Amino acid sequence: MNILVTGGAGFIGTNFVKYMLSHHDYKIVNLDALTYAGNINNLKDIENHTNYHFIKGDICDRDLINDIFKKYKIDTVINFAAESHVDRSIEEPEVFLKSNILGTEVLLDTAVNYWKLDPNDKYSRDFKEDVKFIQVSTDEVYGELGKEGLFTEQTPLAPNSPYSASKASGDLIVRAYHETYGLPVNITRCSNNYGPYQFPEKLIPLMINNALKGEDLPIYGDGKQVRDWLHVDDHCEAIDTVLHKGKVGEVYNIGGNNEKENIEIVKLILTKLEKSEELIKHVTDRLGHDRRYAIDNTKITTELGWEPKYTFEQGIEVTIKWYLENTDWMESIVTGDYLTYYDQMYGKR
Ligand code: NAD
Ligand code: DAU
């Protein structure tokens, strides 16, 4: 396979590129705009791998995407590239719409042009064999749950934040390219990931970093919001499974049956790091904060045979260990722009 991975210098993309290079003999082209969330240093250890090539660029750049498809004979796209942080989408929605919707459309359009058996026949829906477009989406497109129930693939889309609305729009345009042109696609919708290389604007690395420095741990509202946590390696394996076994046109939910309240997670991190709960500080809640997410993973487990390998207890243990052993990585991020962002979000420390 010649796989175009977009957003491969971000958190999940980094883990995915490394996962794929160590599990398969496929060519990987990693296209990433290196926004604040992209970090080329994450990929230092594989930069000279014979099956790997990095390109700095934007998924909205039609000419560049065309050139990449042509030059690298791309037959598979796995689209991770996105603005991914809910809080930032509340402050500045526009870039979310550009990257998450328009960027997705550029990739889809290019895939149709290159993968159609006869690009000159506008009514043909025949595509080359073994081509696939995977859209990496999120459980947030389903909106929020009450105390009971789980998101299934049939749950209506009801996104609540500019971020989740942009991801839902991306999903709909992917669906439309399948229904209209016959493009072979899958959409995956995963719950909250955690693990190595996660940017410290997200709950778990932010809390680990602050706890290690003895700074306040900002909990939004009462901290009883529930997320369904999955170790990033399990997410990578699930995408690999969908790539090889996913039925064309289908959506697959991905989750690990690990529902936790935010406050539980933060207290667990403090216990593991032997820090005081006095560091916890309840702050003003996120606007439109979704109360609970939880995934029903029956479809992917029964139809494709994927199962998560980590329990939350094992996953959080190895994750904390990774951050403790990679303080240089964290220190290289929590400078300059990050500190400005942090002060704007949480007030001056
Ligand atoms: P991230 O913010 O860590 O990484 C995103 C990457 O995309 C960065 O490297 C960034 O430079 C790149 N990027 C952004 N806009 C781009 C553009 N226009 N062109 C090219 N590159 C661009 O995000 P993440 O947490 O790794 O999430 C990756 C994907 O997985 C996203 O699509 C997200 O919606 C989805 N997702 C994330 C989670 C999670 O818990 N983190 C869960 C489910 C789904
Ligand atoms: O559900 C999948 C989604 O998970 C992905 O699509 C998103 O890209 C990813 O960012 C994540 O979204 P969340 O908003 O759930 O993740 P975040 O880490 O920002 O927040 C997790 C929970 O913790 C949420 O209820 C908000 C809360 N929180 C977060 C931060 C950063 C706090 O209480 N304090 C904080 O400082």
Length gained when the stretch Glu307-Lys281 is fully extended (0.36 nm per residue, less Cα-Cα span): 5.8 nm
GNM top mover of Ile295, Ile254, Ile263 - the chain, alpha-carbon springs below 10 Å: Ile263
Cα-based helix-to-principal-axis angle, 162-181 vs the chain, degrees rounded to 10: 20 degrees
Efficiency of FRET from Cβ geometry, Thr327 and Arg175, R₀ 45 Å, rounded to 0.05: 0.55
Residues Leu157 and Glu92, FRET efficiency given R0 of 22 Å [Cβ-Cβ distance, rounded to 0.05]: 0.45
Charge sum, other residues only, whose C-beta stays under 11 Å from Asn160's C-beta, Lys/Arg counted +1 and Asp/Glu -1: -1
Potential extension, Met345-Leu102 segment - 0.36 nm per residue separation minus Cα distance: 84.8 nm
Charge dipole (segment 240-349, unit charges on Cβ, about Cα centre) - positive-most of Leu287, Thr311, Trp329: Leu287
Centroid-to-centroid separation of segment 218-256 and segment 284-337 [C-alpha atoms, Å]: 9 Å
Cα-based helix-to-principal-axis angle, 232-245 vs the chain, degrees rounded to 10: 20 degrees
Peptide ranges 102-113, 163-174 listed from the most packed, as the mean C-beta count within 10 angstrom indicates: 163-174, 102-113
Dipole in debye (nearest 20) - segment 1-117, about Cα centre, beta carbon charges: Lys, Arg +1; Asp, Glu -1: 480 debye
DSSP beta bridges in segment 160-311 [antiparallel fraction, %, rounded to 5]: 20 percent
Acute angle (nearest 10 degrees) that the helix 312-325 long axis makes with the longest principal axis of the chain, alpha-carbon atoms: 80 degrees
Which listed pairs, of Lys44/Lys70; Lys98/Lys202; Lys56/Lys213, have C-alpha distances above 24 Å, in listed order: Lys44/Lys70; Lys56/Lys213
Cut-off 13 Å between beta-carbons: net charge of the residues surrounding Ile12, Lys and Arg +1, Asp and Glu -1: -3
DSSP bridge pairs, the chain: antiparallel proportion in percent, nearest 5: 10 percent
Two-site label geometry, Asp121 and Lys70: point separation in nm, points 7 Å out along Cα→Cβ: 2.4 nm
Highest to lowest packing among 320-331, 225-236, scored as the average C-beta count within 10 Å: 225-236, 320-331
Listed residues Phe127, Ile187, Thr138: farthest to the positive end of the dipole of segment 123-188 (Cβ charges): Phe127
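Values in this text are rule-based calculations from the coordinates and carry no lab data. Keep in mind that what you see is a predicted model, and the values were worked out from it rather than measured. Reconstructed Cβ throughout: ideal geometry from the backbone, glycine too, with neighbour counts over all protein chains shown.
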